[in-house]
Ligand SMILES: Nc1ncnc2c1ncn2[C@@H]1O[C@H](COP(=O)(O)OP(=O)(O)OP(=O)(O)O)[C@@H](O)[C@H]1O
Ligand SMILES: [Mg+2]
């Protein structure tokens with residue numbers, strides 16, 4: 001049942017939080033549209049925000065694949081994000097102190113390989129041990145990576161960061177020159193406030209294309225993995241690792257797979273960020289990124305892919321939506337206020353909806369198998385989790 | 001070594017001179033016994049006798065300080081639990097384990113071993129094979145739930161069913177792993193008499209179909225009725241072994257229980 005073919009039935013089928021999220025999202029979309037049309041929100045900046053939302057969605061997908069699926073506590077989201085960002089920046093930028101000038105696709109591959117190796121390095125010694133060891137080790141790892149980036153100037157340019165990063169589509173046919181070849185457009189929807197779509201707008205839309213490709217591909221992979229027997233073993237481990245072991249599952253291997261997968265997705269977010277921002281610096285490895293990713297996953301509902309997506313968008317909305325505070329004369333700096341707001345949101349969610357806004361569906365069985373076996377679909381007892389056929 | 005360890009031709013499980021200490025306490029003290037294929041073997045002994053510790057040693061959860069464990073003639077000492085399981089030995093736990101956020105049906109589907117869908121690569125390389133095995137397993141899970149007369153629980157959240165029902169689900173799920181020998185740690189502890197009777201019938205039926213059982217149980221009536229032979233453990237070592245009648249009339253067994261194992 002899809003929202004397009006039979007909208008009324010599809011909506012009636014949603015659970016209450018799903019309806020709520022749908023309603024809020026629709027209202028938010030209208031608000032954004034109004035802001036765009038009245039010129040309060042520049043279209044290029046809007047696309048930048050969409051890119052950021054996609055980036056946070058990727059980060060929370062990655063963390064969700066570790067914490068939400070398997071219960072792995074990873075406090076080095078920022079390190080894997082930073083490895084992805086620096087890996088691709090150092091391969092592609094003119095100002096790179098090492099390689100530089102490679103095709104961004106090479107940067108992408110190098111970034112993923114680096115994240116893979118780093119995930120193994122931290123996973124091998126800790127994943128056989130109790131859960132807290134990974135938490136502690138990852139906390140240390142985040143700081144080690146940040147300090148290396150800051151201090152090893154021969155490798156990373158140190159505090160100056162890396163400039164001169166090309167767009168991701170540099171060197172591609174058509175797409176590399178697309179922003180320049182597109183004509184400048186002038187749309188007048190409301191008389192007196194025309195909307196200008198120029199080269200920068202087209203460049204930003206390419207970025208959105210990129211992040212949609214990254215996040216879309218990731219979502220599809222995760223969705224299939226999550227509802228598979230593979231995902232079921234991970235959820236068993238999260239709930240009771242000994243039970244999984246007693247039933248013949250090699251839990252170390254499963255935990256490693258989940259950890260590596262999540263780390264690669266975080267690095268993917270970093271690769272995108274590099275080509276969005278066209279500059280990376282040590283500040284991009286600050287632990288705040290880890291904090292945001294955790295908030296997004298907990299807010300959305302640990303273990304739920306849609307929840308992670310939703311949480312990622314909420315984070316960007318709060319982060320960027322509070323920028324107007326900069327213009328208002330406040331007795332204190334707006335930055336801590338923003339964190340305070342996020343803190344309040346998290347406490348409220350934990351208090352009133354500890355499982356998160358969009359927790360995972362209860363029953364996850366490989367979908368085609370359910371049809372094959374001709375068994376009736378999940379019914380009573382799991383009413384709330386029963387979503388449309390579309391969610392994870 | 002231990003008395004009563006008769007030579008068994010066709011042992012599915014053989015424990016030889018097994019030792020395990022925690023600090024100064026010898027929880028398992030030179031334990032030797034064997035479980036013959038096709039039997040329901042009982043393992044009894046007072047609280048703290050070391051029964052659960054023995055299960056943990058056999059199934060690979062604890063590493064023994066000495067001695068060996070053989071499953072189907074293969075030495076499995078020191079192997080990981082999943083490797084021991086691959087040799088056909090599955091165990092349950094004394095305290096029921098509940099899977100959060102899963103329905104009973106899903107929790108059942110964790111049972112089958114080495115599913116194609118447990119390989120991340122195969123999810124994308126051969127989704128057809130994954131779907132096929134998933135539907136086979138689903139049908140099998142529902143068949144077993146029906147046999148156990150708990151198919152009405154299939155869609156319930158696994159955390160919302162009673163302790164007794166959980167014990168039934170655990171047994172049903174363990175069967176999906178197709179064990180040759182199944183170790184049950186107190187299958188009827190805290191289970192009401194009706195469900196306990198059901199469990200007994202199921203164990204007997206599965207045993208007739210070829211599964212060997214080793215079960216720990218404090219409920220004497222239950223174990224004496226179901227198991228033969230019975231191994232008695234006291235202070236970490238095998239005190240005696242024999243038929244229910246033989247064990248029941250053995251003075252050393254009575255002493256061990258009255259003495260509280262101290
Ligand atoms: N992991 C452990 N660390 C320390 N001591 C342990 C551990 N596991 C068991 N013991 C000790 O070993 C002894 C045997 O315990 P075990 O749980 O095997 O007994 P049991 O026969 O299963 O008892 P019950 O019938 O009460 O379940 C006890 O004295 C217990 O305290
Ligand atoms: Mg015990």
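No lab work stands behind these numbers, since they all come straight from the coordinates. Since we're looking at a predicted model, the values are computed, not measured. Neighbour counts are summed over all protein chains in view; Cβ atoms, including those assigned to glycine, are modelled from backbone coordinates with ideal geometry.
Key figures for this structure:
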quantity	calculated
Convex hull of chain B built on C-alpha atoms - directionally averaged projected area, nm²	14.8
For region B:109-262, diffusion coefficient by Stokes-Einstein and Kirkwood Rh (Cα), 20 °C, 1.002 mPa s, µm²/s	120
Square roots of 5 times each gyration tensor eigenvalue, C-alpha, the protein assembly as shown, largest first, Å	56, 28, 21
Separation of the residue A:196 and residue A:124 label points, Cα + 7 Å toward Cβ, nm	5.6
Virtual spin-label span in nm between residue A:323 and residue B:121, 7 Å along Cα→Cβ	4.6
Over chain B, relative contact order from alpha-carbon pairs under 8 Å, at least 6 apart, %	28
Radius ratio Rg over Rh of region A:251-296, counting only Cα atoms, Kirkwood formula for Rh	1.07
Among B:39, B:194, B:28: highest mean-square fluctuation, GNM of chain B, C-alpha pairs under 10 Å	B:194
Candidates A:99, A:244, A:12, ranked by Gaussian network fluctuation over chain A, Cα under 10 Å, top entry	A:12
Candidates B:23, B:246, B:128: whichever shows maximal mean-square fluctuation once chain B is modelled as a Gaussian network with Cα springs under 10 Å	B:23
Rounded to 5, percent antiparallel among DSSP beta bridges of chain B	60
Largest-first principal axis extents of the Cα set of region B:99-160 (Å)	36, 24, 16
Cα-based helix-to-principal-axis angle, B:127-147 vs chain B, degrees rounded to 10	50
Mean Cα-pair separation over length for chain A, i.e. relative contact order, pairs under 8 Å, 6 or more apart, %	29
Residue A:144-residue A:212 pseudo-label distance in nm [points 7 Å out on the Cα-to-Cβ vector]	4.0
Distant alpha-carbon pairs in region A:14-368 (separation over 28 angstrom), percent	47
The protein assembly as shown: antiparallel DSSP beta bridges as a percent of all, rounded to 5	65
